[in-house]
Structure formats: structure tokens, C-alpha cells
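Working notes for the structure below.
Each value in this text was obtained by applying a stated rule to the coordinates, not by laboratory testing. Quick caveat: nothing in here was measured; it's all calculated off a predicted structure. Cβ placement follows ideal geometry from the backbone for every residue including glycine, while neighbour counts extend to all protein chains displayed.
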């Protein structure tokens, strides 16, 4: 994969309630940009982002997956995340390094618990966002009903930038409101708006123009004076309003039928910020604790955040990082400021699912990975030793479910501790400890499915069999009666 300058990069997290179609949408985006030559299917176990053995078996996303694609001279770093709340740690890692969010809402199920959860994460990090109403090809899909549900659930100003061209089995594309044209078929080919939709399109377009005008003082004056805004002015005003959180654009797609996807990618390029446009990130000096704002510039001081650690069966430990400032170069040495240790970066990769695409260097704002960084874990900052800084790490919720684990065989016993440590390195929402009062090894996580996946991974990836049981209650003596002292 070629190198991309900072202003040509978009770091976008895809989030939703479980089953809203994120992975299927990513497959369509990869296919449309020529990264793949076929549309993978979750039910067939051949998607780019769901490649883990357990993901294929369960037919759901369990891990954060980085999936870059190249579109019209830009690089879209897509962060595909799990939708089930047991795997919320993966979402937290992705949100931390994204500059914008695409929130999918199922056109049949509407706003669900997971939708509200990820919306809160986007609010926490003040991410500009788009809403995509997904699965428009399904029976009972309804764009207007889902839009109403969004307006009832959240306080954002939701403004459709497209209207569906048909619904359910007749869905065949979208109407681009800004340009007043239909976008039909997988390639989003331009066509005239059907005559019977003219009034509906003009009414909806007025809302778009008003939202754009509100994002720019110059445009609001022009609009109030009765002048028509140009397409370029509408886009400029919308981008400012989206950046400031005043407007949330709404689109619709069918990932499975690959409809509306090109229009979505165009919208990401036009309205979500590049790393430079997202503004500086505030790091701190480990010596003085003073704030150090870092601009996304190749000329700046090196600062990269490790947001994900993976165990690869072929290359060993893989560290995924985002470069916030400066440039990260293959075959170089960096300073881990959180651990006060030097580490070596070998070949830098751009990850696409499990595929590793080698690159010579990463520009400010880009995301990549390196193998066998022995001193480095999730949350660490990589920087230059003469000027160390610490970037805010991802934050994770505390565990809320626990089981007791024990080795299946004597051979497993010796490897159990190191294996649990490696699992916790990969997933910061997993914790393990020895309970001294019961002498049991306790594995803690976000839910029963989370723990079950971890135990299965211990056996499939590390060859360690574990049995699970309900933890014993650690009984302790306590004073039950009052006694007088002389």
C-alpha cells in the first residue's frame, strides 16, 4: 500500500448495536475500492475483518479490526468493531484513535441498547459522526420510522443527505439531495430524480441547506437574504456544522446488495475530518506533567499511541498504533515513555484484517502495526527519547463477571499463568488473579460470552485447556457480638 499524507487520511470507527451490518458494509467498501474481488459474507465465514476462528464459528465480530481502503486518492482507515456489549473494550480502543464515527442503525430494529452505548462513546470523545440506516433491502425496512426513532432517542439535529430510492426488495439506490440526482446500483451511477419524487426531494433539500447555513455566519446571511447557496457553499457549511456537533447527517445503505455505499464513502471524505482538521491532541510531559498540545504534522515531535495488542501465530506479538505527531519509520528505535524503556520497531505494516501490508514509514495521523515489540503494551506511548511525552491511553470499564478456571491437564498447569497474561495483554477488559482465601484462579471479564471466548482462545491459539466453574465464596471470620473491655 502506498503512503498517504496527513490531509489524505480519514480515521473512522464503525459502531452499532450487534447485527446492524458493520462487517457487511466494510466488505462492500473494500469491494467498491478494488481492495477485494468479491463480496465476503459473514454467514460464509470469508469476510476480511472477521477472520478469527471464534468469529467465524459464532458469525459475529469479537475483535477490533483495522481495514484500510483507498478511495479517490484518499486512505480510509476503517475500524470495524464488535456490536455486542461483552466486547466493549474493543470499541473503546477504536474510539480512542478515531477522528470520526459512522454509527449504523438497523432499518428494521431501529435504535437499540447498543446504539445508545456507542453514541455515548462518540459524545465522550466529541467525535463528528454520520448515521447510516442499514439493511434497507430487508423486509419491513423503513427509513422514516428509523429517522423518527433517532430523533426521539438523541438530542442531535439529524439531517438526511440522501433519501432511499425504493425500500425493502425494491431498494435500488439513493437520492443525493445536495446534487439533486439519483445514485443507482453498486457503482452509484448518476441518474435523474424520478418525477414523482421531485416535491419530496426539494422539501428535504431545504432542510440540508438550512443546516449548512447555520454552520457558517456568512452563509446564514446569504440564505436569509434569499440567495441560493452553491453546492460548494452547502458542503462548506455542513462540514463546519458536523465538526461542531450541530448537525448529524443521515444516509442509508444496503451492504449486502452494495447499494448507497459509494455515496457513503464520498460523504466520509467530504465531511469527516482528516487528522490535521481534527485538531491537536493534548499529551503530557512525564517529568513536569505539563500539557503539550501535538499537531498532526510530519515535522512535529514523534508521538504514537499503542491502542491494540494481538498475538499472531506466525510473527508473535503485534502492536497496533496511531501516529499522532511526527513520522514513524521502519527499522528504528523508539522510547516507550510509560515504561521508561527503549524498544525497536522492525518492519511497519498496514493491517487489513489479518493481512499485513509492509510500508517504509507512517505519516502523522496514520495507523499501522509492528511485530515483536517486547517492551510495549496497549496504552503505551512511543516517542523520541530526548523529548518524551505521554498520550492519554484508552480507558476501559471494570469487569462485571467472573469464573474460576483450572487447567485440564498437568501440562496445561505450567502454561496457564503465561497464557492468561497474554490474553489480558490482548484484551484489557480481561483480568485474572489468584484468590488466596479459596486458592482458585479467577478470570474476570465483561460477561459470560466474553469469558467463554477467552477460554476457547486459550486452547485454540495457545494450546492451553481450561475448565470453568462458579467461584467459591471466600468466607471470612467477623465479629458478631459486642463485648465490653475492662
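At-a-glance table
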item: Contour minus Cα-Cα distance for residue 340 and residue 482 (0.36 nm per residue); result: 45.9 nm
item: Cα long-axis angle, helix 22-32 against the chain (0 to 90 degrees, to the nearest 10); result: 60 degrees
item: Alpha carbon convex hull of the chain, volume per residue in cubic angstrom; result: 209 Å³
item: Förster radius 45 Å - calculated FRET efficiency between residue 170 and residue 227, Cβ distance, rounded to 0.05; result: 0.75
item: FRET efficiency for residue 361 and residue 312, using Cβ-Cβ distance with R0 set to 25 Å, rounded to 0.05; result: 0.70
item: At R0 = 25 Å, FRET efficiency that the Cβ-Cβ distance of residue 246 and residue 144 yields, to 0.05; result: 0.65
item: Likely footprinting exposure, 209, 323, fewest C-beta neighbours within 10 Å first; result: 209, 323
item: Between 0 and 90°, nearest 10: helix 198-214 axis offset from the chain longest Cα axis; result: 60 degrees
item: Principal-axis tilt of helix 113-124 within the chain, Cα atoms, nearest 10 degrees; result: 90 degrees
item: Mean-position separation - Cα centroids, the stretch 156-234 and the stretch 39-104, in angstrom; result: 29 Å
item: Potential lengthening between residue 421 and residue 467 on full extension [0.36 nm per residue; Cα-Cα distance subtracted]; result: 14.9 nm
item: Cα-based Rg / Dmax (Å) for the stretch 9-271; result: 17.6, 61
item: Exposure proxy ranking, count of Cβ atoms within 10 Å, fewest first, for 234, 390; result: 390, 234
item: Full-extension gain in nm, residue 331 to residue 57, via 0.36 nm per residue minus C-alpha separation; result: 94.9 nm
item: In nm, spacing of pseudo-spin labels at residue 41 and residue 437 (7 Å Cα→C-beta vector); result: 5.4 nm
item: P(r) tail fraction, the stretch 337-486 - alpha-carbon pairs more than 27 Å apart, %; result: 44 percent
item: Shape category assigned to the stretch 203-257 from the gyration tensor of Cα positions, a/c cut at 1.5; result: prolate
item: Packing-based exposure ordering (other Cβ within 10 Å, fewest first) of 170, 274, 285, 254; result: 170, 285, 274, 254
item: The stretch 401-469: C-alpha gyration tensor shape, a/c 1.5 cut-off, then a/b vs b/c; result: rounded
item: For the chain, share of DSSP beta bridges that run antiparallel, in % to the nearest 5; result: 75 percent
item: From the C-alpha gyration tensor of the stretch 281-383, square roots of 5λ in Å; result: 22, 15, 11
